[in-house]
1. Determine ³J(HN,Hα), in whole Hz, for all residues of the range 104-111 in sequence, where each value follows from phi through the Karplus function 6.51 cos²θ - 1.76 cosθ + 1.60 and θ = phi - 60°; x replaces Gly and Pro.
2. Report the gain in length on full extension from residue 75 to residue 119: 0.36 nm times residue separation, minus Cα-Cα distance, nm rounded to one decimal.
3. Classify the range 68-140 from the C-alpha gyration tensor, please: rounded if a/c falls under 1.5, else prolate or oblate depending on whether a/b exceeds b/c.
4. Could you order peptides 110-121, 64-75 by the average number of other Cβ atoms within 10 Å of their residues, highest first?
5. Please give the net charge around residue 114, taking every other residue with its beta carbon less than 12 angstrom from that of residue 114, where Lys and Arg add +1 and Asp and Glu add -1.
Amino acid sequence: MPNDERSDQGGDTNWWVEKLKSKERAKPEEQQALAGASFFRSVEGYDQEQATKNLTDLNMNLLTEAKATPGAWAYLPLIGDRCSPEQIERVKRALPLPREASGVLVDSGHALRAIITGTPRGERILEFNFMDEASFDCWIKGEWVCERVYRGRRELLRRAAELLRRYMAKDLMKEDGFFSAPHAQGALPPARTEW
């Protein structure tokens, strides 16, 4: 009897092997698509330089369309819905325009974007996006030098004046602590994100 038990157990020693697996084999590696291949195909031919230029051109077009003049805010509503007058005033108070800077408040109803440029016009472009996922972007001489994302409008409102002061400063690129990454003398490192 003990021999019979052993033979029964012996036939069932592969209990951990799944017997219901399909007999299909994996395709050879060269035939399988790489993970993310469809993503890379979707950005094939994407020109980041052109995209950056289009964005800075859009900001300059909005400044021109709003007829922004130095030292004063212009207002440009994009749609019928508007932000409240209180929201607009809060942004103006948070971003006191320097005498030589031009600014436009672009109102899309649920979000307010403040675009500021200094003198010469377009050399520096600062973009503050007051929305649920608030952000700040800065371009100097066409180079995207900063992108920051904030928890919300209130946090950006608290930091706006300091960002304006810092990024409108003429000697900004001479500051030792401006960029944390080492870079060649006079060259700007790529923009850094916080996401």
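Only the coordinates and a few stated rules stand behind these numbers; no lab work does. Since this is a predicted model, take the numbers as computed values, not measurements. No Cβ is skipped: glycine too gets one built from the backbone with ideal geometry, and neighbour counts run over all protein chains shown.
1. Those phi angles translate into 10, 9, 9, 9, 10, x, 9, 9 Hz.
2. Answer, rounded to one decimal: 13.9 nm.
3. Prolate, because a/c is 1.5 or more and a/b exceeds b/c.
4. Descending mean neighbour count gives 110-121, 64-75.
5. +2
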